Amino acid sequence: MDNKAIAGILYETADLLEIDGQDSFRIRSYRNAAQAIEALPQQIADLIGEPKKVLEIQGIGKGMLTNLREMFKDGRLSVHADLLKKYRPSMLDLLKIQGLGPKTIALIWSAYQVCDVEGVEKLAREGKIRELPRMGEKQEQKLLKAIEDYRRIAGRFLLDVAERETEKIQAHLRDFPGVEKVTPAGSLRRGRETVGDLDVLVTGAACCDDGEREKLIDHIIKLPGLMEIIARGENKVSFRLRGGMQVDVRFLAPESFGAAMQYFTGSKAHNVALRQRALKMGYTLSEYSLARLDDQKVVAGKTEEDIYAQLKLDYIPPELRENQGEVDAAGAHKLPVLISQGDVQGDVHMHTVETDGRNTIEEMVEAAKAHGYKYMAITDHSKNLAFANGLDDKRAVEHIKRIRAVNDQINGIEIFAGIEVDILADGTLDLSDSVLEQMDLVIASVHSHFNQSSAEMTDRLLKAVENPNTSIIGHPTGRLLLRRDAYQFDLDSVLKAAAQRKVAMELNSYPDRLDLCDRHLRLAKQHGVKIVINTDSHHTSHLEKIRYGVLQARRAWLTKEDVLNTLPAQDFAKAMKHAWN
Ligand code: DGT
Ligand code: CA
Ligand code: CA
Ligand code: ZN
């Protein structure tokens, strides 16, 4: 068990104790210990043999040490297990609902003895939640909305989390004798913004022989972090990982690897369209092959390329396989040449220690250079973001001086001096125009008052677009994937204004933002709005997240021409001052 897993169990125990009405001192001791372990730079597993060192950790006392030892010895914590038995594990799902805390859950339990999501939803629909102390009709409606949100996101994972788990599986299998390829398929390969379950395809000699395959499966289920085997068959094993992600691993003979890749990459809607085309042409398409209908002769199956070629289609990149017109376009040789990561010449949204970043200007510059960028921009926060130590006019001017001084010293990369300025509640920007004018580029973002009405928020964004200093609208919808919805506004109007003013929209590549999303990016393109793909890095290690943005851009059918930061530095600088064609 790693620190995160241990802390998770301790947090859950604290919540369950609170539901159970235990004393606050005891509850707090679990929360404090969880926090301490989460923040620990080293693994608690490596320290557990040395009790003295564990007790030196602030927030961990003798009782907690006993708990930790139990967890490492038995893989479980009896307090936690007993509470789960008393209230059933469904209580943990309730705790995941936004705004539903242990206190309210305890109220519901004591009044109705209900402890699962379905039960609570039913109570709310029957108007029984409003009857509880400190609850009313408003709270009841809020709860129903939160349950709806929970249903939508439950069981889905961010792209980077899914990718990390896939890499672990690949590493676990790579050197196993007779394994040739281990490849992700499904929504992960298509680069969808969140992933339901992982689909992993394995091929090689070990997949072709019954005995060898059994040995391979025996090896797979030793994967660290595997919690539960869901199904074990001849050609497939499904399991659940710690954290809840389900994985389907399939074993394939090399001659049908391409057909399986095609099939299991999906999407389902794309597959249906492709199968219809195959039928019209006298073929049948399955996960094993493309074969002639009349005599069953296999005409393709080894590679995906062969399959698309036999169907007289240009190769369709996985990101486009959503049945959004890609099959017809491929038939007419009209697929766009999608943007690729190598086209991106610079990343122009990043923070430093001056506000809430973790690295200095110089460190960010070195990292961007190592990335091969021709240019970059430092864009720290403005003062409205007080908790991030945002810049006021004076500090902003000093900061651009520092950025320009570094630019003068360093060769091989152009460093633009920029700012991520807050769009205030009334649509004005958080710094003086005279300061913003001095910037090479201005990203204007909403970081507060998310709950304005759609009309207010639309006006607010329109006002920001109309400020002559605004180059880019940052993370334009404000959504946080699996956590917070976009704020309400009329995107169409904002895009129209942006096209007119030559203000660009950001595609924020951070895996929990991906904002604008693929659908909105396509809409932006239809409006003639240009895109800038950024990472919003707060650490040098974040720069690599640009690839998640590029994936979304590809899913939106964007080409190099649609994205401003594929331009050479001087042209890009002009574009930031609204001069592009
Ligand atoms: P997810 O897991 O919800 O993020 O989305 P996917 O696309 O990975 O869906 P999943 O895991 O259910 O299935 C993987 C692929 O397998 C899917 O994209 C297409 C293919 N597939 C699954 N079921 C069917 C089906 O009933 N018909 C067809 N044509 N293809 C299917
Ligand atoms: Ca899947
Ligand atoms: Ca699946
Ligand atoms: Zn921001």
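Bear in mind these aren't lab numbers, they're just calculated from the coordinates by the rules spelled out. The model shown is predicted, which means the values in this text are computed figures rather than measured ones. Backbone-built Cβ (ideal geometry, glycine too); neighbour counts: all protein chains shown.
At-a-glance table
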| item | result |
| --- | --- |
| Low-density loop positions, trypsin sites (Lys or Arg not before Pro), the range 30-118 - DSSP coil, at most 16 other Cβ in 10 Å | R76, K96 |
| Span-like helix ranges in the chain, DSSP H, alpha carbon extent 20 angstrom or more, Kyte mean at least -1.0 | 3-19, 24-39, 159-174 |
| Cα convex hull of the chain - mean projected area over all directions, nm² | 31.5 nm² |
| Net lengthening on full extension, F72/K122 (0.36 nm per residue, minus Cα-Cα) | 14.1 nm |
| Inverse mean reciprocal Cα-Cα distance (Kirkwood Rh) of the range 316-388, Å | 15.4 Å |
| Spacing of the two label points (7 Å from each Cα toward its C-beta) at Q35 and A171, in nm | 3.1 nm |
| Taking N as its residue count, the alpha carbon Rg of the range 465-534 over 2.2 N^0.38 Å | 1.03 |
| Cβ-derived FRET efficiency at R0 30 Å, D408 paired with R501, nearest 0.05 | 0.40 |
| Gain upon complete extension [K86, K53; 0.36 nm per residue less C-alpha separation] | 8.4 nm |
| Share of pairwise Cα separations in the range 450-489, more than 17 Å, in percent | 34 percent |
| Dipole of the range 16-167, positive end: most advanced residue of Y87, S24, G61 [Cβ charges, Cα centre] | S24 |
| Stretch gain in nm, segment V272-H539, where the contour uses 0.36 nm per residue and the Cα spacing is subtracted | 91.8 nm |
| Expected-Rg normalisation [2.2 N^0.38 Å, Cα atoms] applied to the range 271-430 | 1.71 |
| Helix-only mean residue ellipticity at 222 nm for the chain, each DSSP H run of n ≥ 4 adding -39500 (n - 2.57), per residue, nearest 500 | -13000 deg cm²/dmol |
| Efficiency of FRET between K62 and D295 - r from beta-carbon atoms, R0 60 angstrom, step 0.05 | 0.20 |
| Relative contact order of the chain, pairs being alpha-carbon contacts under 8 Å that are 6 or more residues apart, as % | 9 percent |
| Among L480, N467, V563 the positive-end extreme of the charge dipole of the range 341-575 (Cβ point charges) | V563 |
| For a label point 7 Å along the Cα-to-beta-carbon line of Q98, residues of the range 115-145 with backbone N under 20 Å | 117-118, 120-122, 124-125, 136-145 |
| Distance histogram for the range 177-276 (every C-alpha pair counted, 10 angstrom bins, percent rounded to whole numbers) | 15, 45, 33, 7, 0 |
| Sparsely packed trypsin sites (Lys or Arg not before Pro) within the range 312-356, loop by DSSP, other Cβ within 10 Å at most 12 | K312, K334 |
| Fraction of alpha-carbon pairs over 21 Å apart in the range 3-153 - percent | 49 percent |
| Centre separation in Å (Cα based) which lies between the range 169-194 and the range 58-93 | 34 Å |
| Residue (of V195, L429, V344) at the positive-pole extreme of the chain, dipole from beta-carbon charges | V195 |
| Relative counts (whole %) of C-alpha pair distances in the range 341-575, using bins that are 5 Å wide | 1, 7, 16, 20, 22, 18, 11, 4, 1, 0 |
| Loop-located GluC sites (Glu not before Pro) in the range 171-271 whose Cβ has at most 15 other Cβ within 10 Å (DSSP) | E180, E234 |
| Set K4/K268; K280/K334; K334/K369; K85/K142; K369/K525; K383/K530 screened for pairs whose C-alpha atoms are more than 25 Å apart | K4/K268; K334/K369; K85/K142; K369/K525; K383/K530 |
| Those residues of the range 9-36 whose amide nitrogen sits under 18 Å from the label point placed on Q139, 7 Å along Cα→Cβ | 18-21 |
| Hydrodynamic radius by Kirkwood, which averages 1/r over all alpha carbon pairs of the range 225-356, in angstrom | 17.5 Å |
| Globularity ratio of the range 356-490, using Cα Rg and 2.2 N^0.38 Å | 1.11 |
| Percentage of interatomic Cα-Cα distances in the range 233-309 larger than 20 Å | 37 percent |
| Cα centre as origin, Lys/Arg/Asp/Glu Cβ charges: the range 7-149 dipole, Debye | 280 debye |
| In nm, spacing of pseudo-spin labels at R26 and K4 (7 Å Cα→C-beta vector) | 3.1 nm |
| Reciprocal mean inverse distance between Cα atoms of the range 486-579 - Kirkwood radius, Å | 13.5 Å |
| Relative contact order of the range 452-581, defined on C-alpha pairs under 8 angstrom at six or more residues apart (%) | 24 percent |
| For the chain, size of Cβ-based charge dipole, Lys and Arg +1, Asp and Glu -1, in debye | 860 debye |
| Formal net charge of residues neighbouring W580 (Cβ-Cβ distance under 14 Å; K, R +1; D, E -1) | +3 |
| Hull volume in cubic angstrom per residue (convex hull over the Cα atoms of the range 111-182) | 143 Å³ |
| Check: the range 258-331 dipole with +1 on Lys, Arg Cβ and -1 on Asp, Glu Cβ, in debye | 260 debye |
